[in-house]
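Derivation of every value follows stated rules applied to the coordinates shown; laboratory data play no part. All figures in this text were calculated on a predicted structure; none of them were measured in a lab. Here the Cβ positions follow ideal geometry from the backbone for every residue, glycine too, while neighbour counts run over all protein chains shown.
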Amino acid sequence: MDIPMADELKRVFYHTEQTQCMTYFYISGNFDPDVITNYLHLVPEQIHRIGDVRPNGTVYDYAMWRFGTVKSCRLDVANQMMQTIDPLLTKADLLRKIKLTYDARLMLEVVPLVRYDEPAPMLAPSLAVMRFCMETGTEMDIDLYVGCPDDMVDA
């Protein structure tokens, strides 16, 4: 496989009016998403099943159940994480059973999109969020994006 030289790489720009962050919770693994919905008594925002076709034509080899998306322009992301997991706090036992039964991965996803000229959000989780993650075996993933206008980049 040929690796492109540095001068052949294209920059990608993410534009946003202001710094914002999105948080959500998902479960992935080998299960039927409808079983997870019935088990947790929560309606997911998004699901896919093993064998579903992605928009690019490839096939998912795992199932996914997504819940609790919160988008905010506040800089204190700990409160946003709590909003995402709040409906799940009383379901820690059920989430542990799902994790063990289906060898599932539980994930709290944090996606900040930072404007180049604004302060970065505070991404430290609260003790309550960390306790939930520890009790349920939930991992946390932070995907940070920084956006700048095209005219700041040398042509």
Original post:
Using a Förster distance of 41 Å, how high is the FRET efficiency between GLU118 and ASP86, based on the Cβ-Cβ distance and rounded to 0.05?
Top reply: 0.90
Original post:
Using a Gaussian network model of the chain with C-alpha springs under 10 Å, which one of ARG66, ARG96, ARG54 is most mobile by mean-square fluctuation?
Top reply: ARG54
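Take every Cα pair under 8 Å in the range 37-88 that's 6+ residues apart, average their separations, divide by the length, and report that relative contact order as a whole percent.
Numbers: 52 pairs, mean separation 14.6, N = 52.
Across the range 37-88, relative contact order equals 28 percent.
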Original post:
Shape call for the range 64-145 from the C-alpha gyration tensor, a ≥ b ≥ c root eigenvalues: rounded (a/c under 1.5), prolate (a/b greater than b/c) or oblate?
Top reply: prolate
**OP:** With N denoting the number of residues in the chain, provide Rg(C-alpha) divided by 2.2 N^0.38 Å, to two decimal places.
**Re:** 1.23
Original post:
Amide H to amide H under 5 Å from THR19: which residues, 5+ apart in sequence or cross-chain, H placed 1.01 Å off N in plane?
Top reply: ARG115
Subject >> For GLU45, residues with placed amide H under 5 Å, excluding near neighbours >> reply: ARG66, PHE67, GLY68
**OP:** Measure nothing but the geometry: give the 0 to 90° angle between the long axis through the Cα atoms of 92-101 and the longest principal axis through the Cα atoms of the chain, rounded to 10°.
**Re:** 90 degrees
Original post:
For the chain, what is the relative contact order in percent, using Cα pairs closer than 8 Å and at least 6 residues apart in sequence?
Top reply: 31 percent
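Looking at the chain only, what percent of DSSP beta bridges run antiparallel? Nearest 5 please. Display every interim value, and only then the final one.
Numbers: 21 of 30 bridges.
Once the DSSP bridges in the chain are tallied, antiparallel ones form about 70 percent.
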Original post:
At a Förster distance of 25 Å, what's the computed FRET efficiency of LYS97 paired with ASN56, Cβ-Cβ distance as r, to 0.05?
Top reply: 0.15
Original post:
So who's got an amide H within less than 5 Å of the one on MET140, skipping anything under 5 residues away but keeping other chains? H placed 1.01 Å off N, in plane.
Top reply: LEU108
**OP:** Mind giving me the nanometre distance, one decimal, between the label points for ASP143 and LYS71, set 7 Å out from Cα along Cα→Cβ?
**Re:** 1.4 nm
Subject >> About the Cα centre, charge dipole magnitude for the chain (Lys/Arg +1, Asp/Glu -1 at Cβ), debye >> reply: 740 debye
